[in-house]
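Quick notes on the structure that follows.
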Amino acid sequence: MQNGIDLMIDTNILIYWLNGDENAASILEENNIYYSIITEIEVKGHISLLNKAEQKKLDSILQKFKRIDITEQVKDIAIQYRVDYKLKTPDAIIAASSHILKIPLFTADKKLSMITDIVIVLFEPKSL
């Protein structure tokens, strides 16, 4: 891992990175990155939209990060987030993973800012 801070990334951060966003690249390169298995499912579920080079680039970067699986604790908190904040299931699971790890969630999704018991770091994409 890097010398930066521990961050849980939302799926949208990987999408910005794949699209060449310099700010996303800096964050991913300079910090200790965790991602939910949900993020892997979401990005690879659309892998048909990626060419072979992008698929290889994605696989390469994911190997550098720590994947977080869905545990009973994550499930229970995700259910509560769905009830309390009316989140979609993937967002609730990713946020719950951040909660369990006690690390900030890095996201471009402003809706997640309403969650009061985790630190949300809102991503500002670099204008292309």
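Before moving on, here are some points about what is shown:
- None of LEU112, LEU58 is surrounded by fewer than 19 Cβ atoms within 10 Å (Cβ to Cβ) and of a type in the set (A, V, I, L, M) except LEU58.
- Hey, GLU54 over 23 Å from ILE5 (Cα atoms), out of contact with any Pro (no Cβ under 9 Å at 6 or more places or on another chain) and acidic (Asp, Glu) or not: yes
- Some residue of segment 31-50 being among the hydrophobic types (A, V, I, L, M, F, W, C), within 19 Å of LEU122 (Cβ to Cβ) and in contact with a strand residue (DSSP E or B) (Cβ under 7 Å, 6 or more places away or on another chain): yes
- Criterion (in contact with a helix residue (DSSP H, G or I) (Cβ under 7 Å, 6 or more places away or on another chain) and either over 22 Å from LEU18 (Cα atoms) or of a type in the set (D, E, K, R) (or both)) met by exactly one of THR107, THR89: THR89
- For ILE70: the one exception among (1) buried (at least 17 other Cβ atoms within 10 Å of the Cβ); (2) farther than 21 Å from LYS126 by Cβ; (3) of a type in the set (Val, Ile, Thr): (1)
- Scanning segment 15-32 for residues that are closer than 15 Å to ASP59 by Cβ and surrounded by 21 or more Cβ atoms within 10 Å (Cβ to Cβ) returns TRP17, LEU28.
- Residues of segment 73-109 classified as surrounded by 21 or more Cβ atoms within 10 Å (Cβ to Cβ), out of contact with any Phe, Trp or Tyr (no Cβ under 9 Å at 6 or more places or on another chain) and not hydroxyl-bearing (Ser, Thr, Tyr), total: 4
- Selection within segment 91-128 - assigned to a helix (DSSP H, G or I) and among the charged types (D, E, K, R): ASP91, LYS110, LYS111
- Total residues in segment 2-40, condition aliphatic (A, V, I, L, M) and without any contact (Cβ under 8 Å) to a residue 40 or more places away in the chain: 5
- Of all residues in segment 69-90, one or more are out of contact with any Leu (no Cβ under 7 Å at 6 or more places or on another chain), assigned to a helix (DSSP H, G or I) and either among the aromatic types (Phe, Trp, Tyr) or at pLDDT below 95 (or both).
- Contacts under 6 angstrom Cβ, first residue in segment 48-59 being more than 17 Å from LEU28 (Cβ to Cβ) and assigned to a helix (DSSP H, G or I), partner modelled with pLDDT of 80 or more and of a type in the set (Val, Ile, Thr), 6 or more apart: none
- Scan of segment 96-116 for residues that are over 11 Å from the mean Cα position of the chain (by Cα) and under 16 Å from LYS86 (Cβ atoms), ordered by number: ALA96, LYS110, LYS111, LEU112, SER113, MET114, ILE115, THR116
The values are calculated or read from the model by the stated rules, or taken from the named source; none is laboratory data. All values derive from a computational prediction rather than experimental measurement. No Cβ is skipped: glycine too gets one built from the backbone with ideal geometry, and neighbour counts run over all protein chains shown.
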